[in-house]
1. Looking at (1) more than 18 Å from V113 (Cβ to Cβ); (2) in contact (Cβ under 8 Å) with a residue 60 or more places away in the chain, find the lone condition where A218 falls short.
2. If A201 satisfies every condition in (1) part of a helix (DSSP H, G or I); (2) under 22 Å from A250 (Cβ atoms); (3) touching a Phe, Trp or Tyr at 6+ places or on another chain (Cβ under 6 Å); (4) not polar (S, T, N, Q) but one, which is the exception?
3. Is it fair to say A112 is outside any helix (DSSP H, G or I) and buried (at least 22 other Cβ atoms within 10 Å of the Cβ)?
4. Within the range 135-167, can you find the residues that are hydroxyl-bearing (S, T, Y), outside any helix (DSSP H, G or I) and over 17 Å from the mean Cα position of the chain (by Cα)?
5. Restricting to the range 140-153, and then to whatever is free of Cβ contacts under 8 Å to residues at least 60 places away in the same chain and either touching an Asp or Glu at 6+ places or on another chain (Cβ under 8 Å) or hydrophobic (A, V, I, L, M, F, W, C) (or both), can you tell me which residue is farthest from E238 (Cα to Cα)?
6. Could you check, for the range 39-61, whether at least one of its residues is touching a Ser or Thr at 6+ places or on another chain (Cβ under 7 Å), part of a helix (DSSP H, G or I) and of a type outside the set (D, E)?
7. Condition test on A134, is it modelled with pLDDT of 95 or more and surrounded by fewer than 24 Cβ atoms within 10 Å (Cβ to Cβ)?
8. Take the residues in the range 35-56 that are surrounded by 21 or more Cβ atoms within 10 Å (Cβ to Cβ) and of a type outside the set (A, V, I, L, M), then tell me which one is nearest to Q214 (Cα to Cα).
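The values are calculated or read from the model by the stated rules, or taken from the named source; none is laboratory data. For clarity, every value in this text was computed on a predicted model and none was experimentally measured. Because the Cβ atoms are built from the backbone with ideal geometry, glycine has one as well, and the counts that use them run over all protein chains shown.
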Amino acid sequence: MSAADTTDTIVLIERDCAVATLTLNRPDRLNALNNALLTGLRDAMQELAGDDSVHAVIVTGAGRAFCAGADLSDMSQVNTRDLNDPSRAQTRSVFDDLEEAFESFPKSLIAAVNGLGVGFGFTLLGYCDHVFLAEGARLRTPFSQLGLCPEASASYTFPMRMGWAEASRALLMGEWFTAQDVVASGLGQEVVALDALLETARAFARKYEQCPLQSLKATKALMLAAHLPHIRKAREAENAKMRELLGTPANKQALADFASRQGKGRT
């Protein structure tokens, strides 16, 4: 962890009346998820869930990326350790807590996708009530290419919200989605210019200030009631399968190939 990677600076919370903006603040690493960012994001989501002054939360990223998914340099270090090393279970436990915080968030959750979204930077959109995307945003879930499986309940939320064919493009094929593709799939709400993204999301979120919190929470709970058991079951199954696949020869080879391409300046 670098000196800047502390939980009080790596995730920023800005409150404006009843709207909170949560910013992933690791721009030098494209907001890739290391342990500090995972922990900070989990803690921020849990804090905002219990804050009755907040009616809506906007999630966005600092710099040119929304979230580049797992920090593969960290993942490579973890995956070279023994399968029973406690650090592997600890990392998955924090991520499991983070997923649970998103899936059960009791108020309106809005994504403002400002740029690159990979892995969790794409799958977390399945937990959001509204998704606004900057014109140049590009998203991808390269799980199959890394010898892994979906995460963040995407094996349920993506087919439900995008349809089977589009979900298969995203999860099985690992294709890139433009901002326009995400909206066309039904997962996104609107594509806007980058310089207008946050204000557009905030103007939309402010509509929730007029709604009593008790009504918002009751309605969100009712909307989730039919789906939450399936979302949780999908998450548990994904996490169990992920534990099987992490550190396998196919996963290690995929990460080694990725590192080699990065070293040659290719993505």
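1. For A218, the failing item is (2).
2. Single failed check for A201: (2).
3. Details: outside any helix (DSSP H, G or I): yes; buried (at least 22 other Cβ atoms within 10 Å of the Cβ): yes.
Judged against the criteria, A112 is a match.
4. Step one: filter the range 135-167 for residues hydroxyl-bearing (S, T, Y), giving 141, 144, 153, 155-157.
If we keep only those that are outside any helix (DSSP H, G or I) too, we end up with 141, 153.
Across the range 135-167, there are no qualifying residues.
5. R140
6. Yes: one or more hits.
7. Details: modelled with pLDDT of 95 or more: yes; surrounded by fewer than 24 Cβ atoms within 10 Å (Cβ to Cβ): yes.
Criteria met by A134.
8. H55
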